[in-house]
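The values are calculated or read from the model by the stated rules, or taken from the named source; none is laboratory data. Being a predicted model, the structure only gives us computed values, none of them experimental. Note that we place each Cβ from the backbone using ideal geometry, even for glycine, and neighbour counts take in every protein chain shown. The area values use the complete protein model at the heavy-atom level, side chains included, leaving out ligands, DNA and RNA. Shrake-Rupley method; radii C 1.70, N 1.55, O 1.52, S 1.80 Å.
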Amino acid sequence: MKPNRKVIITCAITGAMHTPTMSDALPITPEQIADESLKAAEAGASIIHLHARDPENGQPTGDPKVYMKFLPAIKERTDAVINLTTGGSPTMTVEERLSAAMLVKPEMCSLNMGSLNFAMFPLADRYKTWKYDWEEEYVRSSDDFIFRNTFRDIEKIMTIMAEHGTKFEHECYDVGHLYNLAHFADRGLIKPPFFIQTIFGILGGIGADEENLMFMRSTADRLFGDDYQWSVLAAGKSQMPFSTQAALMGGNVRVGLEDSLFIGRGEMATSNAQQVEKIKRVLAEFSLDIATPEETRQILGLKGKDQVGF
Ligand code: KMH
Ligand code: ZN
């Protein structure tokens with residue numbers, strides 16, 4: 001891993017796995033998504049990872065028109081790097097997942113590095129009533145969901161987005177996904193430096209155990225040497241402990257309501273910015289400085305805010 005003195009904080013604002021019933025803080029409308037993004041950026045996040053939701057009912061959508069209701073407002077009011085999902089949601093085809101990113105040509109987008117079971121159905125039993133009709137079935141049906149990211153899918157997203165100069169947040173949910181990235185690098189389809197997001201604690205992916213943190217890190221070191229920046233996200237209650245450990249090991253961190261709705265044990269987060277502020281406080285305790293958006297662009301070799309398509 002390339003040693004990096006400044007810590008890049010990514011904030012994933014809303015995602016597609018949590019549903020409106022699960023937290024009143026989860027942003028749904030374009031106004032809420034823009035507002036949460038700006039506050040997270042002000043709090044210290046230099047990358048904002050974004051999904052879109054139907055403003056009427058919070059259902060995840062890949063519709064570029066919905067993205068365009070909040071992206072320009074975010075771009076206008078912050079220098080933070082905008083990173084669009086290409087993972088979308090369980091109900092979307094790969095084409096739907098890619099359509100907004102193809103249109104807006106962001107500085108960064110996610111690229112999920114392998115197929116896996118991706119489940120949140122155990123959460124369903126926590127709720128007796130739901131805010132919207134679609135939610136319960138959406139959560140429960142994840143016991144039969146395969147998050148499809150075949151080699152062909154990955155190559156397609158990689159090739160199309162690279163033509164737009166977009167760099168990737170390589171989402172690696174298990175150790176094989178690191179080898180998949182190495183495969184594409186060996187074929188010369190993608191060039192370093194890589195921004196590797198190792199992900200822990202998704203039901204279907206590698207568990208949030210410390211040994212796995214070390215294992216993913218040492219495997220990435222073996223495969224990519226100094227040619228990558230390492231970032232860590234962990235789902236739910238592991239979010240802050242894993243971010244802290246990653247930062248102490250020289251890595252970067254991702255927080256945000258996409259990955260965890262909590263701020264402490266049993267305590268719901270009230271905003272994305274609250275999680276950014278918390279990890280920033282932790283980093284400060286260890287004299288770790290955070291990267292500004294410009295420093296982040298430089299570290300990751302991004303094309304620049306003025307080169308996007310929106
Ligand atoms: N929800 C995260 C665990 C994507 O947007 O492409 C992974 C993610 C996927 O952020
Ligand atoms: Zn995402």
Please tell me if residue 214 is surrounded by fewer than 17 Cβ atoms within 10 Å (Cβ to Cβ) and touching an Asp or Glu at 6+ places or on another chain (Cβ under 9 Å). no
When residues of the range 87-141 are limited to those that are part of a strand (DSSP E or B) and open to solvent by less than 40 Å² (accessible area, probe 1.4 Å), the one farthest from ligand 2 (Cβ to nearest atom): 119
Which residue, of 16, 43, is touching a helix residue (DSSP H, G or I) at 6+ places or on another chain (Cβ under 8 Å) and open to solvent by less than 20 Å² (accessible area, probe 1.4 Å)? 43
How many residues, within the range 59-86, are open to solvent by less than 10 Å² (accessible area, probe 1.4 Å), in a loop (DSSP other than H, G, I, E, B) and within 13 Å of ligand 1 (Cβ to nearest atom)? 2
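So that you can scan it fast, the table gives a plain yes or no per residue for (1) touching an Asp or Glu at 6+ places or on another chain (Cβ under 8 Å); (2) surrounded by fewer than 21 Cβ atoms within 10 Å (Cβ to Cβ):
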site	(1), (2)
20	yes, yes
33	no, no
49	yes, no
55	no, yes
In the range 1-13, anything open to solvent by less than 30 Å² (accessible area, probe 1.4 Å), at pLDDT 95 or above and not small (Gly, Ala, Ser) is listed as 7, 8, 9, 10, 11, 13
Identify the single condition in (1) away from ligand 2 (no atom under 16 Å from the Cβ); (2) within 18 Å of the chain's Cα centre (by Cα) that residue 56 does not satisfy, given that it satisfies every other one. (2)
Looking only at the range 59-69, count every residue that is away from ligand 2 (no atom under 15 Å from the Cβ) and in contact with a Ser or Thr (Cβ under 9 Å, 6 or more places away or on another chain) and tell me the total. 4
Output the qualifying pairs, or none if there are none: Cβ atoms under 8 angstrom, residues six or more apart or on different chains, first residue in the range 195-224 and within 22 Å of residue 47 (Cβ to Cβ), second residue more than 14 Å from ligand 1 (Cβ to nearest atom) and of a type in the set (Val, Ile, Thr). 216/175
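A quick yes/no check of all residues on (1) within 16 Å of ligand 2 (Cβ to nearest atom); (2) open to solvent by 10 Å² or more (accessible area, probe 1.4 Å):
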{"residue": "205", "(1), (2)": "yes, yes"}
{"residue": "222", "(1), (2)": "no, yes"}
{"residue": "234", "(1), (2)": "yes, no"}
{"residue": "253", "(1), (2)": "yes, no"}
{"residue": "256", "(1), (2)": "yes, no"}
{"residue": "270", "(1), (2)": "no, yes"}
{"residue": "283", "(1), (2)": "no, no"}
{"residue": "306", "(1), (2)": "no, yes"}
With respect to residue 266, is the statement that it is at positive phi, more than 17 Å from the chain's Cα centre (by Cα) and open to solvent by 60 Å² or more (accessible area, probe 1.4 Å) true? yes
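Kindly evaluate residue 40 against the criterion of being at pLDDT 95 or above, within 16 Å of ligand 1 (Cβ to nearest atom) and under 18 Å from the mean Cα position of the chain (by Cα).
Against the criterion (at pLDDT 95 or above, within 16 Å of ligand 1 (Cβ to nearest atom) and under 18 Å from the mean Cα position of the chain (by Cα)), residue 40 qualifies.
Does residue 21 satisfy the condition of being within 16 Å of the chain's Cα centre (by Cα) and touching a residue at least 60 places away in the same chain (Cβ under 8 Å)?
No, not satisfied.
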